[in-house]
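Working notes for the structure below.
The values are calculated or read from the model by the stated rules, or taken from the named source; none is laboratory data. If you're wondering where the values come from, they're calculated on a predicted model, not measured in any experiment. For neighbour counting, all protein chains shown are included, and Cβ atoms are generated from backbone atoms with ideal geometry for every residue, glycine included.
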Amino acid sequence: MERESVVGVIAVRDAARDRTQIAIWLLSCCALVLGIVIIGGLTRLTGSGLSMVEWKPIVGLLPPLDEAQWLATFELYRQSPEYRYVNIGMTVEGFKSIFWLEYIHRMIGRFIGIAFFVPFLYFWIRGKIEKGLLPKLVAMFVLGGMQGALGWYMVASGLAEDPHVSQYRLTAHLGLAIVIYVYMLWVALGLLWRSRSGDDTDGRPLLGWAVACTALAFCTVLSGGFVAGLKAGFAYNTFPLMGGQWIPDGIFALQPGWRNFFENFITAQFTHRILAISLLAGILALWRALGRRRLAPATRVATHAMLLLIVLQVALGISTLVLHVPLALASAHQAVAVLVLTSLVVVTHRLLHVQGRSLA
């Protein structure tokens, strides 16, 4: 009996260690996804996203290695509408400056696939993946493959006669990246906190508000995708008014009316402002309400981080707008958007994950 007890203790300890290892791996993948979101934003901001006009996911690993290869690659680009209508007269040297960022973007995407698949095989072969966790990890891998295909589908929209990426496809590409990020984060948190006590039970009544703020943050990110796709940040560079008005003219210029939210740059920016300010108000209210509750120290830290990040994000958004979208601020604005969502996911998970229940 004593030997069986010892074996049971060892098994529990090993299972906890395996969960921790898998959680760290998933959090590392989250960091990589955040990195590629930032790089993807930079490719858009620098006009680099359409520089590679072919999609070769398996054989397209090496960049041009000599002058002849550079000339051949540049010749392909010269046949694209972006060259003919936007970058006419660009030299090979100028082409290299936009090629490298998009190349790095694609290579990081491939690296993320490897960084996920190889450890997954290791954990699976070693029997470290619990039965209920396996389908979730497989779903993550499938979503990653879909994201790669969606990325090319997005780029292809800018290789037709109109040398601009579809704002619908761009936002879908961004949205799926965020879904993958949040899914991996949620599963990792469930693995890390499976055995913790219910210190946040007092905050449980605010769970619905936390979920609502998280959903609003996701919608705000998607709204930012349409702002980016329509280049709406380069217009109405004042705050809080737009062209001297609280509600600018032309927000319902397109018919049917729903198109304005996705195709009218005025409406896209106006909607993004409304969503962002609403999110700020919602998070402030959640922070104040949670401040009156008895919470675990980690949850308390997450709530403070949530408030600080949304204040920083709003400041970055306003600064990016009034300064006419400088590269550094615009990139930081996109990165902090993901961090705001991260803090909300953590708070939501902490409020839901009480009394040692597993939510992985």
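Tabulated data for the structure shown
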{"item": "Selection within the stretch 87-103 - closer than 14 Å to Gly148 by Cα and in contact with a Leu (Cβ under 9 Å, 6 or more places away or on another chain)", "result": "Glu102"}
{"item": "Among (1) modelled with pLDDT of 95 or more; (2) surrounded by fewer than 17 Cβ atoms within 10 Å (Cβ to Cβ), the one test that Trp55 misses", "result": "(1)"}
{"item": "The listed residue being over 25 Å from the mean Cα position of the chain (by Cα) and closer than 30 Å to Pro163 by Cβ, out of Ile266, Ile247, Ile251", "result": "Ile251"}
{"item": "Helices (runs of 4 or more DSSP H) completely within the stretch 34-147 that count 1 or more residues being among the polar types (S, T, N, Q) and touching a helix residue (DSSP H, G or I) at 6+ places or on another chain (Cβ under 9 Å)", "result": "67-78"}
{"item": "Residue in the stretch 241-263 that is surrounded by 20 or more Cβ atoms within 10 Å (Cβ to Cβ), of a type in the set (Gly, Ala, Ser) and under 29 Å from Ala315 (Cα atoms) present", "result": "no"}
{"item": "Selection within the stretch 236-265 - on the phi > 0 side of the Ramachandran plot and either assigned to a strand (DSSP E or B) or aromatic (Phe, Trp, Tyr) (or both)", "result": "Tyr236"}
{"item": "Top-ranked residue in the stretch 177-216 [being acidic (Asp, Glu) and surrounded by fewer than 18 Cβ atoms within 10 Å (Cβ to Cβ); ranked as modelled with the highest pLDDT]", "result": "Asp202"}
{"item": "Breaking point among (1) surrounded by 17 or more Cβ atoms within 10 Å (Cβ to Cβ); (2) more than 27 Å from Phe117 (Cα to Cα), for Cys219", "result": "(1)"}
{"item": "Residue satisfying all of: in the stretch 292-318; in a helix (DSSP H, G or I) and small (Gly, Ala, Ser); surrounded by the most Cβ atoms within 10 Å (Cβ to Cβ) among these", "result": "Gly317"}
{"item": "Residue list for the stretch 65-77, filter: surrounded by 17 or more Cβ atoms within 10 Å (Cβ to Cβ) and under 21 Å from Gly158 (Cβ atoms)", "result": "Thr73, Phe74, Tyr77"}
{"item": "Any chance Ala156 is outside the structural domain of Leu279 (by TED's automatic domain parsing), hydrophobic (A, V, I, L, M, F, W, C), over 30 Å from Leu295 (Cα atoms) and crowded, with 22+ Cβ neighbours inside 10 Å", "result": "no"}
{"item": "Test for Ala289: is it farther than 30 Å from Leu351 by Cβ, in contact with a helix residue (DSSP H, G or I) (Cβ under 8 Å, 6 or more places away or on another chain) and either in a helix (DSSP H, G or I) or modelled with pLDDT of 95 or more (or both)", "result": "no"}
{"item": "Whichever residue in the stretch 40-74 is closer than 30 Å to Phe234 by Cα and of a type in the set (Val, Ile, Thr) and, among such residues, is nearest to the chain's Cα centre (by Cα)", "result": "Thr43"}
